[in-house]
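Novice: Below: one structure in structure tokens.
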Amino acid sequence: MFNLNYTKYKYFTITLSFLLILLGFVFTFVRHGGFAHSLDFDGGLRTVVELPTGKSRSDLESYFKSSNIEAVIILLEKEKNMYQLDIGLGSIPIIEDLYSKIPQAERELGTSSIDRFVILLRKEFQLEKKNILSADQVGAVVGGELTSTGITLMLTTLAIILLYLSYRSQFKFALASSIALIHDILFTLAMIGFFQIKPSVPMIAALLTLLGYSINDKIVVFDRIRENSHGKDNLSLSNIINVSISQTLGRTINTSFTTLISVVAILVGGAVELYDFAIILIFGVVVGTYSSIFIAAPISEIYDLIRRKRKLAA
């Protein structure tokens with residue numbers, strides 16, 4: 001048991017978190033001009049191709065790099081040499097320009113951007129029509145729907161958590177948990193923008209998973225605080241919080257460590273498309289553990305101090 005004063009520096013830890021979140025968002029919008037663009041959210045071209053023998057991922061990368069086309073290449077099936085190619089909207093003018101340079105006699109019929117991109121791929125890699133497994137143009141409307149759905153899901157989850165904890169425990173614990181969860185989401189979003197991780201459906205799943213993991217950790221701490229508060233009105237909430245965190249710290253560290261082992265396994269041996277999911281979860285687990293000790297519990301104490309002062313003033 002570590003008998004430390006976890007609430008002593010509550011204003012420092014809360015201020016530090018606020019400044020780091022602010023720094024992350026300022027860097028995101030000032031340095032990068034916003035969050036990274038992605039096909040799922042902003043629209044673009046998506047093609048699945050089966051490369052012939054002798055061609056590999058490095059050939060695709062070299063072609064796109066030399067053509068200044070921004071592309072995300074995802075290996076789907078190694079045995080079949082099958083790849084998914086995601087091209088952002090910003091690269092479509094480049095594709096149109098490359099297509100216009102093809103001699104008229106060598107052009108195939110292509111009226112849309114996705115048709116012309118397929119023609120360029122077939123010409124560059126000597127692909128037959130059967131090697132183009134799918135070719136679609138993803139509209140930005142889909143991205144807008146994903147964004148609104150993700151935001152709605154997170155807000156709904158926060159509201160349900162607040163209502164449940166208010167019923168299950170005391171309101172101050174429910175309020176502190178909700179604020180800490182918002183802190184976790186904002187901190188993670190700031191990190192996503194800072195490192196320009198591309199928004200995706202797995203990213204939304206990671207954020208929702210983070211909410212579930214983080215609230216579980218906070219419930220454990222607040223349940224112990226509630227148990228230790230019973231019949232001890234003579235003790236300050238600060239002392240009870242410090243004792244409770246010390247009692248649950250071992251469980252918190254063990255839970256976080258075992259969770260990190262599973263997530264790191266995804267990062268090391270999982271599919272490429274799950275990398276961002278794993279990275280966000282790793283960061284989220286660390287931030288969620290930190291906020292349970294240094295954000296959620298201190299906020300409940302601050303709320304209790306304000307409520308007591310108002311009672312005395314009345």
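The values are calculated or read from the model by the stated rules, or taken from the named source; none is laboratory data. A quick note: this is a predicted structure, and the numbers were derived from the prediction, not measured. Note that we place each Cβ from the backbone using ideal geometry, even for glycine, and neighbour counts take in every protein chain shown.
Novice: Please work out if F294 is assigned to a helix (DSSP H, G or I), crowded, with 18+ Cβ neighbours inside 10 Å, within 18 Å of the chain's Cα centre (by Cα) and not hydroxyl-bearing (S, T, Y).
Specialist: No; evaluated as a whole, the condition is false for this residue.
Novice: Given the criteria part of a helix (DSSP H, G or I) and modelled with pLDDT of 85 or more, does D115 qualify?
Specialist: Taking the combined requirement at face value, the residue satisfies it.
Novice: Looking at this structure, is K218 of a type outside the set (A, V, I, L, M, F, W, C), part of a helix (DSSP H, G or I), at negative phi and in contact with a helix residue (DSSP H, G or I) (Cβ under 9 Å, 6 or more places away or on another chain)?
Specialist: yes
Novice: Just the residues that are in contact with an Asp or Glu (Cβ under 9 Å, 6 or more places away or on another chain) and free of Cβ contacts under 8 Å to residues at least 12 places away in the same chain, please, taken from segment 69-107.
Specialist: Hit for segment 69-107 is E77, nothing else.
Novice: For the condition closer than 13 Å to L120 by Cα, at pLDDT 85 or above and outside the structural domain of M203 (by TED's automatic domain parsing), what is the one hit in S67, S56?
Specialist: S67
Novice: Okay, next question. At least 1 residues that are closer than 30 Å to L249 by Cβ and within 22 Å of the chain's Cα centre (by Cα) in each: list the helices (runs of 4 or more DSSP H) lying fully within segment 1-89 that qualify.
Specialist: 10-31
Residue-by-condition table, conditions (1) out of contact with any strand residue (DSSP E or B) (no Cβ under 9 Å at 6 or more places or on another chain); (2) modelled with pLDDT under 85; (3) surrounded by fewer than 13 Cβ atoms within 10 Å (Cβ to Cβ):
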residue: N239; (1), (2), (3): yes, no, no
residue: G250; (1), (2), (3): yes, no, yes
residue: S256; (1), (2), (3): yes, no, no
residue: V264; (1), (2), (3): yes, no, no
residue: L267; (1), (2), (3): yes, yes, no
residue: V272; (1), (2), (3): no, yes, yes
residue: Y275; (1), (2), (3): yes, yes, no
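Novice: Now for a separate question. Filter segment 69-124 for residues that are within 15 Å of G44 (Cβ to Cβ), crowded, with 18+ Cβ neighbours inside 10 Å and hydroxyl-bearing (S, T, Y) and give the result.
Specialist: Within segment 69-124, S91, S113 qualify.
Novice: Looking at V264, V285, V243, can you tell me which residue is without any contact (Cβ under 8 Å) to a residue 24 or more places away in the chain and either closer than 18 Å to Y11 by Cβ or not small (G, A, S) (or both)?
Specialist: V264
Novice: Kindly indicate whether Y11 is surrounded by fewer than 16 Cβ atoms within 10 Å (Cβ to Cβ) and not assigned by TED's automatic domain parsing to the domain that holds L121.
Specialist: It is true that Y11 is surrounded by fewer than 16 Cβ atoms within 10 Å (Cβ to Cβ) and not assigned by TED's automatic domain parsing to the domain that holds L121.
Novice: Limited to segment 118-128, what total is found for residues that are more than 33 Å from the chain's Cα centre (by Cα) and assigned to a helix (DSSP H, G or I)? Talk me through it step by step, then tell me what you get.
Specialist: Step one: filter segment 118-128 for residues more than 33 Å from the chain's Cα centre (by Cα), giving 119-120, 122-128.
Filter again for assigned to a helix (DSSP H, G or I), leaving 119-120, 122-125.
Residues in segment 118-128 being more than 33 Å from the chain's Cα centre (by Cα) and assigned to a helix (DSSP H, G or I): 6 in total.
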